Amino acid sequence: MKIIYKPNLLAAALVGVVAFTATIARAADPLVSWNDGPAKQAIVEFVRATTTQGSSQFVTPEERIATFDQDGTLWVEHPIYTQVMYCLEKVPALVKAKPELANVAPFNTVLELLHGDRAAMEKLTLPDLEKIAIATLTGMSVEEFTAEVKKWLAAAKDPRWKKPYTELTYVPMQEVLKYLRANGYKTYIVTGGGQDLCACTRSRRTAFRLRMSSARRSGPNMTMPRTVSLSSPKNRSSCSMTTMPASPKASIL
């Protein structure tokens, strides 16, 4: 029996083999979104050194802790922090409840901003933002605040990307978090944002199903973390990771 191989069938088979091989390679690489280079190598080497028995830098599982900044590292922070956007977008409801604020700065400036005057953003000073935050984040129970935040997150979209804020996370950094957890690390988010609002950002599509830790000053007996630039991921994001060893045996990247 003579078998005749048609060129198109053979080509399709070869493409299938190549695609299958690439899929296997991607599955085996925990940092698939990262370009091969110093940053990726440093992460892999750090994990190897701190999780390998007999290594001079070995850290026991119960002492493995990695902390990450949130805004700009795990999710977007431009043109402004997500929590600030929440506060700004709550101003119309605040003005509706208190009409006298419609002509009072900085609330009238926020109304201009929300009506499309992007230049109004430049008028807002830090004291203005503090005043807005106090007015929109206080005077309610934790349960009421949580319900308001969840309602906002379900509908709010980033003005640039037109996507929910909980979807605007950096895939390369999610890979780092998963990689560390797979190797016995407890991962924490350290943020200056409100803990209650941050807790509401947890979802299946984000990296925030993590332990939350409010930002605080390091005491004299604490090991100061070092922030490592993790540039050059394939999606061209610019990220950074802060790793804090729970033991002086662990060296920082």
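Taking the condition touching a helix residue (DSSP H, G or I) at 6+ places or on another chain (Cβ under 7 Å), among the polar types (S, T, N, Q) and under 20 Å from LEU153 (Cα atoms), does THR109 pass?
no
Taking the options VAL228, VAL171, VAL176, name whichever one is modelled with pLDDT of 80 or more and in contact with a helix residue (DSSP H, G or I) (Cβ under 8 Å, 6 or more places away or on another chain).
Criteria check complete, one pass: VAL176.
Residues are listed down the side, and each one gets a yes or a no for (1) part of a loop (DSSP other than H, G, I, E, B); (2) closer than 30 Å to PRO61 by Cα; (3) not charged (D, E, K, R):
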| site | (1), (2), (3) |
| --- | --- |
| GLY116 | yes, no, yes |
| MET121 | no, no, yes |
| GLY139 | yes, no, yes |
| GLU148 | no, no, no |
| GLN174 | no, yes, yes |
| LYS178 | no, yes, no |
| GLY184 | yes, yes, yes |
| TYR188 | no, yes, yes |
| ASP196 | no, yes, no |
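If PHE68 satisfies every condition in (1) assigned to a helix (DSSP H, G or I); (2) not assigned by TED's automatic domain parsing to the domain that holds GLY139 but one, which is the exception?
(1)
The values are calculated or read from the model by the stated rules, or taken from the named source; none is laboratory data. As the structure is a prediction and not an experimental result, all values here were calculated from the model. Virtual Cβ from ideal backbone geometry, glycine too; neighbours counted across all protein chains shown.
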